2 protein chains.
Amino acid sequence: MFMPDAYKELLELSKEIHTYNSVLSLLHWDQETYMPSGAITPRSEQIALMSSLVHEHKTSRKHKALLQKLVHFGSGKPKHKGFSRSQVVCLREWHRDFLRFDKLPASFVKNFSQITSEASQIWSVAKKSNNFKLFAPFLKKIIELSKEKAAIWGFTDHPYDALLESYEPCMTTARVGTIFQGLRKELVSLLKNIRESRQIDDGFLRKKIDQETQVALGHSFLSKLPIDSAYSRLDLSAHPFSTALHPHDSRITTRILPSGFMSNLFSIFHEAGHSMYEMGLPTAHWGTPLSEAVSLSIHESQSRWWETLIGRSLPFWRAFYPSLQKALPTQLKKIPLERFHRAINRVEPSFIRVEADEVTYCLHVILRFEIEKELISGSLQVEDLPDAWRAKMKELLGVVPKTDSEGCLQDIHWSLGDFGYFPTYALGNLFSAQFFATFAKKHPDWDKRVAQGDLAFVRDWLKKEIHSWGRTYNSDELVKKVTGKPLSEAAYCSYLKKKYSEIYNF
Amino acid sequence: MFMPDAYKELLELSKEIHTYNSVLSLLHWDQETYMPSGAITPRSEQIALMSSLVHEHKTSRKHKALLQKLVHFGSGKPKHKGFSRSQVVCLREWHRDFLRFDKLPASFVKNFSQITSEASQIWSVAKKSNNFKLFAPFLKKIIELSKEKAAIWGFTDHPYDALLESYEPCMTTARVGTIFQGLRKELVSLLKNIRESRQIDDGFLRKKIDQETQVALGHSFLSKLPIDSAYSRLDLSAHPFSTALHPHDSRITTRILPSGFMSNLFSIFHEAGHSMYEMGLPTAHWGTPLSEAVSLSIHESQSRWWETLIGRSLPFWRAFYPSLQKALPTQLKKIPLERFHRAINRVEPSFIRVEADEVTYCLHVILRFEIEKELISGSLQVEDLPDAWRAKMKELLGVVPKTDSEGCLQDIHWSLGDFGYFPTYALGNLFSAQFFATFAKKHPDWDKRVAQGDLAFVRDWLKKEIHSWGRTYNSDELVKKVTGKPLSEAAYCSYLKKKYSEIYNF
């Protein structure tokens, strides 16, 4: 294989950076799961030191010099012929990542990280005490810094484009806006139909179940998913998350709500979806862009696939409801499958995004996208945010939170400076439904096989079509390659309409 | 405070190295506790990269240049007046550590680490299959490399001196030999008395107890020790160990043997002793020698203190036996305290060091010390090791193992290249007994207070007299400062004689 020394060195450097990042993942995982509560100060120092090590390597002169030997700066095209297709992909993505990192001055990065670290602590206090004014000056500062960041990175149309790119590289504000416009219309109309139908009783899902039973239930249901236990594990944390140190070391967490055992299971399905993506990346290329996720949207498409398209489907519960009934006889013995399936798909507009059902979830995201755009363009001022939030909640979901804690203070993202992140939550749903339509054509008997408990063929399809490519294609190219069409809201809307007209009988 | 820039930089460097080492501790801890079984390859790569990072920093030109600005190379004395006493200690120990690291060529370190990494895997196979011949060539190679290491480090009397220094800096082979001579004589004679007495029945300690009960028992007994749960935790692993990332993040593990619940508790007491030492080091000086353990012997003195001097004492069980009886009523309800206390102190020569009682334990160590000396000096050849082992077992303990797996293959240490480590296991017992005699003079009512469940004053004494000094004193200076006398076997022998003549009634 054609492998100039500079390429070899760059490959080594890339693996080194990934290894340090995997150590950082362990530090974060441990902090959320098993770290003694009093160890937060030394842990922050460990994380700060490892992060600065990663930053140094990512932006080092050596890194730049190696890249300059291999690619034309600006285009990312190789300077030499003879590189394989995979090598060309690596060079293209290394160049892209380097430019984005290198553009930000070290002083800006340090300042941004200090302010967001302070802001996230203040946000936590402000949320608890429902005190938006406490958080407002930090949010202002973060918005200013985010605008500055967008200016440094550069954009042609909207400053928000530059921020979006961190999380979904091939999307523009305009394109997301168009897609969300269509999605919004369909969801509002669907929600209207549902609200005019008879509401579903799901009280039996809210019975108290002790922690021990729920933990056992979680492990038992994780083992039903096609996920290799030699390479993964499940633990508890305050908020469910997943992290992968390597395709062979993938970790998910869940949380136990005494009166919400299905929330535990859906968290596990969701995080297991993220986990299966990481486990499906090609191990042989670990440490390079060929073994990295495409984008947060594609990542979210994998988690929502298992949480909703499979995990809230009738075929899945045909296979596994009997074992759930057996585990929780007091609660479920007398509840037939169809009633259970309707209950876990109950639609009800609420204030809190993370608790939202499939129909209203994207409306929460659209609200945030619209507000973020205005905050970044300057057409909405921070002091007017709480009012704007309430007005949009009324408009999109028909409910208005009484407090800012249940309103514009509910998410941690802005305090961390993550402007541009939210859209990926909705885009993930759209990608997953569009992928699923293609999957269902390829496997027209998917529902029968899933109803028999066979899930491995589902994972294999995802692995082959999506996971195994790493960052070879961007999400635009990937969705065209897999489904033959660019991303649109169509597949998701038709999935929701079919499913919920059956469930709500309209 | 007098703080030249070079000192400031060296302090920063020292903290950085300690932070990387704390990350390494987490990688090791995770590997033994929660890491998915299939993740061993990426874990080895993470550990190798972090280790090489530590090695680079420890031996860097910058490190040397900073030291050279501050101390006279060779003596370790400061070049400037005005340093505080603590600063002088740091400079002295930094200089000592640097010289030891710097003397070993990078190629030697790499070679040593490769061979021991391979050897420890071969050892594991050889032990399982009772195949000494498989391991012998590796052991030969490791002995050659250890001799080479000793020559690089330099010694005046015996090459073993140079190896000992890694684990117990102020000991010589001759001095350990003299102390062990005396100890050996006393232990052999004590063992003879015990063997001529009526043996104790401890069958009730070998009843099967399920895992869940034992885990709960472990947590319950850990909570009786004066150890802050905000800064520590207890988990399970194949072999018990303790590791501290920081005085505020100390972790211990135990293992569950279905038919040995006391082994679980004694492992916890032992590891908690190590842990309390690390937690007692001064947090303000973390990252410097003022917050490091003196030596492995002193570390072991702290673990044996809690495992044996306290944990196998009558006063301790006066306080806590009722709660053990309550936890295990089927096994212990009818067993009076005195019978329980005799049973947990039963003496019985056996093949395996880690399962040995207080009387025979040091004989296992003396055997290894005598054999190591001869292997390193060349007066014993590797092929004659199994015979030499059996002969010494007969001589010291009166029992002869049938297999090498239960003989010279039982410990992992040699495969890791840890020649000179074993003596610290016995020296730790001697230090602990000598410290204890002074403690008991200072607190003549210690047994009454412990019998009432008060253990905090015990930890406080250790913290004040030993932990809080870090590496201010070497172990020789420390034992003289605390007890007024240099280390000898006297206190340990008189402790054993008193205790076991009462228990065995001779």
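The values are calculated or read from the model by the stated rules, or taken from the named source; none is laboratory data. Here the structure is a predicted model, which means the values were calculated and not measured. Glycine gets a Cβ as well: all are built from the backbone with ideal geometry, and neighbour counts include every protein chain shown.
May I ask you to say which residue of A:10, A:70, A:27 is surrounded by 17 or more Cβ atoms within 10 Å (Cβ to Cβ) and within 14 Å of chain B (Cβ to nearest Cβ)?
A:27
Of everything in segment B:71-86, what is in contact with a helix residue (DSSP H, G or I) (Cβ under 7 Å, 6 or more places away or on another chain) and within 24 Å of residue B:166 (Cα to Cα)? Give them in sequence order.
B:71, B:76, B:78, B:86 - these are the residues of segment B:71-86 that are in contact with a helix residue (DSSP H, G or I) (Cβ under 7 Å, 6 or more places away or on another chain) and within 24 Å of residue B:166 (Cα to Cα).
Considering each of B:56, B:32, B:45 in turn, give the residue that is acidic (Asp, Glu), more than 8 Å from every other protein chain (Cβ to nearest Cβ) and surrounded by 15 or more Cβ atoms within 10 Å (Cβ to Cβ).
Being acidic (Asp, Glu), more than 8 Å from every other protein chain (Cβ to nearest Cβ) and surrounded by 15 or more Cβ atoms within 10 Å (Cβ to Cβ) holds for just one of B:56, B:32, B:45, which is B:32.
Of everything in segment A:152-173 that's within 21 Å of the chain's Cα centre (by Cα) and part of a helix (DSSP H, G or I), which residue is nearest to residue A:486 (Cα to Cα)?
A:173
Taking the criterion of being more than 10 Å from chain A (Cβ to nearest Cβ) and among the basic types (Lys, Arg), would at least one residue in segment B:104-120 satisfy it?
Yes; the residues of segment B:104-120 include at least one that is more than 10 Å from chain A (Cβ to nearest Cβ) and among the basic types (Lys, Arg).
Looking at segment A:229-255, I want the residues that are closer than 13 Å to residue A:274 by Cβ and facing chain B (nearest Cβ under 7 Å) and have a partner that is part of a strand (DSSP E or B) and of a type in the set (A, V, I, L, M, F, W, C) with Cβ atoms under 9 Å, at least 6 apart or on another chain. Which pairs are those?
Listed pairs, sorted by first residue: A:232/A:244; A:232/A:252.
Restricting the search to segment A:394-416, which residues are over 16 Å from the mean Cα position of the chain (by Cα) and either closer than 16 Å to residue A:113 by Cβ or surrounded by fewer than 16 Cβ atoms within 10 Å (Cβ to Cβ) (or both)?
A:394, A:395, A:398, A:399, A:400, A:402, A:403, A:415
Every residue in segment B:203-230 that is surrounded by 13 or more Cβ atoms within 10 Å (Cβ to Cβ) and more than 27 Å from the chain's Cα centre (by Cα), please.
B:204, B:207, B:209, B:213
Residue by residue through segment B:100-145, note down the ones that are of a type in the set (D, E, K, R) and either modelled with pLDDT under 95 or not assigned by TED's automatic domain parsing to the domain that holds residue B:54 (or both).
B:100, B:102, B:103, B:110, B:118
Quick one: would you say residue B:407 is touching a Phe, Trp or Tyr at 6+ places or on another chain (Cβ under 7 Å), more than 26 Å from residue B:175 (Cβ to Cβ) and of a type in the set (Gly, Ala, Ser)?
Yes.
With the condition being aliphatic (A, V, I, L, M) and more than 24 Å from residue A:192 (Cβ to Cβ), I'd like the helices (runs of 4 or more DSSP H) fully within segment A:305-359 carrying at least 2 qualifying residues.
So the answer is A:314-327.
So that you can scan it fast, the table gives a plain yes or no per residue for (1) in the same structural domain as residue B:337 (by TED's automatic domain parsing); (2) touching a helix residue (DSSP H, G or I) at 6+ places or on another chain (Cβ under 9 Å); (3) not hydrophobic (A, V, I, L, M, F, W, C):
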{"site": "B:409", "(1), (2), (3)": "no, yes, no"}
{"site": "B:413", "(1), (2), (3)": "no, yes, yes"}
{"site": "B:421", "(1), (2), (3)": "no, yes, yes"}
{"site": "B:424", "(1), (2), (3)": "no, yes, yes"}
{"site": "B:455", "(1), (2), (3)": "yes, yes, no"}
{"site": "B:466", "(1), (2), (3)": "yes, yes, no"}
{"site": "B:487", "(1), (2), (3)": "no, yes, no"}
{"site": "B:501", "(1), (2), (3)": "no, yes, yes"}
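Which one of the conditions (1) within 30 Å of residue A:111 (Cβ to Cβ); (2) among the aromatic types (Phe, Trp, Tyr); (3) buried (at least 21 other Cβ atoms within 10 Å of the Cβ) does residue A:421 fail to meet, given that it meets all the rest?
Every listed condition holds for residue A:421 apart from (3).
Quick check: anything in segment A:441-452 touching a residue at least 24 places away in the same chain (Cβ under 8 Å) and touching a Gly at 6+ places or on another chain (Cβ under 9 Å)?
For segment A:441-452, residues touching a residue at least 24 places away in the same chain (Cβ under 8 Å) and touching a Gly at 6+ places or on another chain (Cβ under 9 Å): absent.
Only one of A:86, A:22 is farther than 25 Å from residue A:111 by Cβ, crowded, with 16+ Cβ neighbours inside 10 Å, within 14 Å of chain B (Cβ to nearest Cβ) and of a type in the set (Gly, Ala, Ser). Can you tell me which?
A:22
Being assigned by TED's automatic domain parsing to the domain that holds residue B:343 and in contact with a helix residue (DSSP H, G or I) (Cβ under 6 Å, 6 or more places away or on another chain) is the requirement here; does residue B:461 meet it?
Taking the combined requirement at face value, the residue satisfies it.
Here are some residues: A:375, A:396. Which one is in a helix (DSSP H, G or I), touching a Phe, Trp or Tyr at 6+ places or on another chain (Cβ under 9 Å) and in contact (Cβ under 8 Å) with a residue 24 or more places away in the chain?
Answer to the selection: A:375.
What are the residues in segment B:105-154 that are among the hydrophobic types (A, V, I, L, M, F, W, C), closer than 22 Å to residue B:409 by Cβ and surrounded by fewer than 16 Cβ atoms within 10 Å (Cβ to Cβ), if any?
Residues satisfying the conditions are B:125, B:134.
May I ask you to list pairs of residues, at least six apart or on different chains, whose Cβ atoms are under 9 Å apart, with the first in segment B:117-135 being of a type in the set (Ser, Thr, Tyr) and the second being in a helix (DSSP H, G or I) and surrounded by fewer than 14 Cβ atoms within 10 Å (Cβ to Cβ)?
So the pair list comes out as B:117/B:44.
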